[in-house]
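Reading through the structure tokens given below for one structure.
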Amino acid sequence: MKTYLHQKYPQIKICGLTNTEEAVKTANAGADAIGLMFFKNSPRYVKPERAKTICAALPDDVTTVGVFVNEPFNSIMDIVSTSNLDAVQLHGNEPPKFVRQLTDQGLIVIKCLYMEGQPSIAQVSTYDASAYLVECTRGELPGGNAMTWDWEEAAAFGEKNPMVLAGGLSPENVASAISKSMPDAVDVSSGVERTPGKKDIHKVMQFIKAVRECVPTRELRKIF
């Protein structure tokens, strides 16, 4: 069984960064983790060489997370090496064996499980990920697609499993989402953007402030 340090408030991952300036500002605003998208159909896709430049500019205490969708193992490891990533986040139909292959490489591995879709949260016992990102899975692309959902449905899952909450989060609703589901971490992308892939740093700061003002009702695990 994995052991976890504990946090005073949910950790914060800002996902879908596409340039160094915004990534550095986001890190300096207090983000615990930065997400870089390697799914080519996403408007937030970054090439590994650009991701390398972004990662090199970030403070050492900010976790760099590569987001992948059904990418082959060797391709993921090449990108991890090129970009100098600390963690991978899997948003496809990756099987449990695949997740174990990546954790065996010493990476933080976050597997996405869905409330309404496959793989579902009911399959969590078959995986051995570092943590599980839980969202509803509505819309055309993998991910939250900026759609809110009943976050309270994830509360029971988060009590038993290390959980990152995602899907439709914003500075205006993240406190409510946390109070309903009490996740160990929260993940936001479009909720703090001006346009896809372009972050609004004011919104990022508002989001982080809102999370840090939340008062947990249980011990929270450190994911990143």
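Read-outs throughout are calculated quantities, based only on the coordinates presented, and are distinct from any laboratory measurement. None of the values given here were measured: they were computed from a predicted structure. Neighbour counts run over all protein chains shown; Cβ positions are idealised from the backbone, glycine included.
The table below gives the values:
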quantity: Neighbourhood charge, 15 Å Cβ-Cβ cut-off, centred on residue 124 and excluding it, Lys, Arg +1 and Asp, Glu -1; calculated: -1
quantity: Kirkwood Rh (inverse of mean 1/r, distinct Cα pairs), the chain, angstrom; calculated: 17.0
quantity: Alpha carbon centroid spacing (whole Å) that separates region 9-44 from region 162-179; calculated: 16
quantity: Footprinting exposure proxy for 91, 6 (fewest neighbouring C-beta atoms within 10 Å first); calculated: 6, 91
quantity: Dipole of the chain, positive direction: furthest Cα of 29, 195, 119, with charges on the beta-carbon; calculated: 29
quantity: Ascending count of other beta-carbon atoms within 10 Å, so fewest first, for 190, 176, 81; calculated: 81, 176, 190
quantity: GNM flexibility winner over the chain from 117, 168, 197 (Cα, springs under 10 Å); calculated: 117
quantity: Calculated over region 185-224: convex hull of Cα atoms, volume per residue (Å³); calculated: 74
quantity: Nonlocal amide H pairs with residue 94, under 5 Å, H built at 1.01 Å; calculated: 70
quantity: Unit charges on C-beta of K, R, D, E only; dipole of region 6-221, Debye; calculated: 300
quantity: Which of 15, 48, 178, positive extreme of dipole for the chain (C-beta unit charges); calculated: 48
quantity: Cut-off under 5 Å, modelled amide H: who pairs with residue 135 long-range; calculated: 113, 115
quantity: Region 86-100 and region 52-76: distance between their alpha carbon centers, rounded to Å; calculated: 14
